[in-house]
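Visitor: First, the structure itself, so that you have it in front of you.
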Amino acid sequence: MFNSRKMNIESFDSHYNVPMKQYSAACINIPLKKNWSDSWCALPETFDHCLDKILHFEVRPRDVFVVTFMKCGTTWMQEAAWLLLNDLNFEKSKEKRILERSPFLDFIGLLPPGSGLELDPLKLTEQLPDPRLIKSHMPANLLPSQIWQKKQKTIYVARNIKDVIVSSFHFVQHGMWKGDSIADYVNNFINDEIHWTPFWTHIVDFWKMRNESFIFFVTYEEMIKDLPGVIRRLCQFLNRPTLTDEELNRLVAHLSFGKMKDNRQANLTEMMKETFPDVPENFQFMRRGIVGSYRDELTPELQAKIDTWTASVLAKHGLTEKDIFGEL
């Protein structure tokens, strides 16, 4: 059972194709104790008809979930985890897109009307053999409740806020948000009016649960800095055999940004263009992947605005950005 309420967004007519609402749900099994009924998330109103299906999703014993806020390295982690769970079967990974091998649960509320069942995440997950790897951008209280009840293995990837804002600004151009002003997007983002916001609540809730045995918390920046080390830790978390040096080197090479961008089964640019009618011709699902590239697109004034907002939000938790990400 979930709660919903309308959002009063003045810029709705120009920036959103579908009216936005806020959703919340109480979940008594989440290790972090707070008033989850008052922990809201912005989503299009199409979730009125499918959010219950997500909350009551039937979890299998060997399921693994990859949870992130959007544009935090989700696909990168999916490809890594999928290959570890499938004995580094690189040939099998070439047979289907990552979205079919590791379905995106939230997609059920985002697909445009008339989309074929081949992209329906609930249908895809039903057909998958174990172990299943399932992706979601939902905050903790809007994930399948059985994750918390059964303490299901969950991988969480966080990324620094300014790179997320710039990356997601380019990503949402496929129809989730309309506009060409990054200043307008920043305002919508920090006012919790973009899909899956509020951002910091999403991150901080999982950071506070990072020591739970069934949660693997890692940052995008750690993956950039020491991907082999992250993979070794991930092997242990997933109870997979220790990789030989040769296996590790091959996996790291496969997961390089250049290889991922050239991999048609991991880079979903063409799929997005085929599925969503508003995707511009120059849209790129994978763009740069560089830590700190926000400096090329955010003015000093916008950076300062984001920093001030971040410090204010995190201070309520007794945290700073450095506590979560270290030196950026």
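Visitor: Would you call R240 modelled with pLDDT of 95 or more, in contact with a helix residue (DSSP H, G or I) (Cβ under 8 Å, 6 or more places away or on another chain) and in a loop (DSSP other than H, G, I, E, B)? Outline the logic, then answer.
Guide: Working: modelled with pLDDT of 95 or more: yes; in contact with a helix residue (DSSP H, G or I) (Cβ under 8 Å, 6 or more places away or on another chain): yes; in a loop (DSSP other than H, G, I, E, B): yes.
For R240, the condition - modelled with pLDDT of 95 or more, in contact with a helix residue (DSSP H, G or I) (Cβ under 8 Å, 6 or more places away or on another chain) and in a loop (DSSP other than H, G, I, E, B) - is met.
Visitor: Give the residues of the range 127-155 that are assigned to a helix (DSSP H, G or I) and either β-branched (V, I, T) or at pLDDT 95 or above (or both), sorted by residue number.
Guide: A140, N141, L142, S145, Q146, I147, W148, Q149, K150
Visitor: Taking Q173, is it farther than 29 Å from P300 by Cβ, open to solvent by 30 Å² or more (accessible area, probe 1.4 Å) and either assigned to a helix (DSSP H, G or I) or in contact with a Ser or Thr (Cβ under 6 Å, 6 or more places away or on another chain) (or both)?
Guide: Spelling it out, it is not the case that Q173 is farther than 29 Å from P300 by Cβ, open to solvent by 30 Å² or more (accessible area, probe 1.4 Å) and either assigned to a helix (DSSP H, G or I) or in contact with a Ser or Thr (Cβ under 6 Å, 6 or more places away or on another chain) (or both).
Visitor: I've got another one for you. Could you pull out every one of the helices (runs of 4 or more DSSP H) wholly within the range 8-98 that has 3 or more residues that are of a type in the set (A, V, I, L, M) and closer than 16 Å to N141 by Cβ?
Guide: Ranges flagged: 51-55.
Visitor: Looking for something under 20 Å from the mean Cα position of the chain (by Cα) and among the hydrophobic types (A, V, I, L, M, F, W, C) - is there at least one such residue anywhere in the range 239-251? So that I can check it myself, show each step before the final result.
Guide: First, the residues of the range 239-251 that are under 20 Å from the mean Cα position of the chain (by Cα): none.
No: the range 239-251 contains no residue that is under 20 Å from the mean Cα position of the chain (by Cα) and among the hydrophobic types (A, V, I, L, M, F, W, C).
Visitor: Quick one: what pairs do we get from the range 70-92, first residue more than 17 Å from M223 (Cβ to Cβ), second open to solvent by less than 20 Å² (accessible area, probe 1.4 Å), C-beta under 8 Å, 6+ apart or different chains?
Guide: Correct list of pairs: L85/V64; L85/L133; L85/L238; N86/S93; L88/L251; N89/L83; F90/L83.
Visitor: Does A42 satisfy being open to solvent by 50 Å² or more (accessible area, probe 1.4 Å) and touching a Ser or Thr at 6+ places or on another chain (Cβ under 6 Å)?
Guide: On the way: open to solvent by 50 Å² or more (accessible area, probe 1.4 Å): no; touching a Ser or Thr at 6+ places or on another chain (Cβ under 6 Å): yes.
No: the conditions fail for A42.
Visitor: Within the range 102-113, can one find any residue that is in contact (Cβ under 8 Å) with a residue 40 or more places away in the chain and polar (S, T, N, Q)?
Guide: The initial filter retains those residues of the range 102-113 that are in contact (Cβ under 8 Å) with a residue 40 or more places away in the chain, namely 105-106, 108-112.
Right, trim to polar (S, T, N, Q) and you get none.
Within the range 102-113, none of the residues are in contact (Cβ under 8 Å) with a residue 40 or more places away in the chain and polar (S, T, N, Q).
Visitor: Filtering the range 140-170 down to residues that are more than 22 Å from D52 (Cα to Cα) and not hydrophobic (A, V, I, L, M, F, W, C), which residue is most open to solvent (accessible area, probe 1.4 Å)? Before you say what the answer is, go through the steps one by one.
Guide: Step one: of the range 140-170, the residues more than 22 Å from D52 (Cα to Cα) are 155-170.
If we keep only those that are not hydrophobic (A, V, I, L, M, F, W, C) as well, we get 156, 159-160, 162-163, 167-168, 170.
Working: Y156: 0, R159: 17, N160: 7, K162: 18, D163: 4, S167: 17, S168: 0, H170: 53 Å².
Result: H170.
Visitor: Right, next: Could you tell me which residue of the range 58-101 is least open to solvent (accessible area, probe 1.4 Å), considering only residues that are acidic (D, E) and farther than 20 Å from I231 by Cβ?
Guide: D63
Visitor: Restricting attention to the range 243-253, which residues are in a helix (DSSP H, G or I), over 23 Å from Y220 (Cβ atoms) and open to solvent by less than 100 Å² (accessible area, probe 1.4 Å)?
Guide: Scanning the range 243-253 gives a single hit, E247.
The values are calculated or read from the model by the stated rules, or taken from the named source; none is laboratory data. Because the structure is predicted, anything quoted here is derived from the model rather than measured. Note: ideal-geometry Cβ built from the backbone for every residue, glycine included; neighbour counts use all protein chains shown. Note: areas computed on protein heavy atoms with side chains; ligands, DNA, RNA excluded. Shrake-Rupley method; radii C 1.70, N 1.55, O 1.52, S 1.80 Å.
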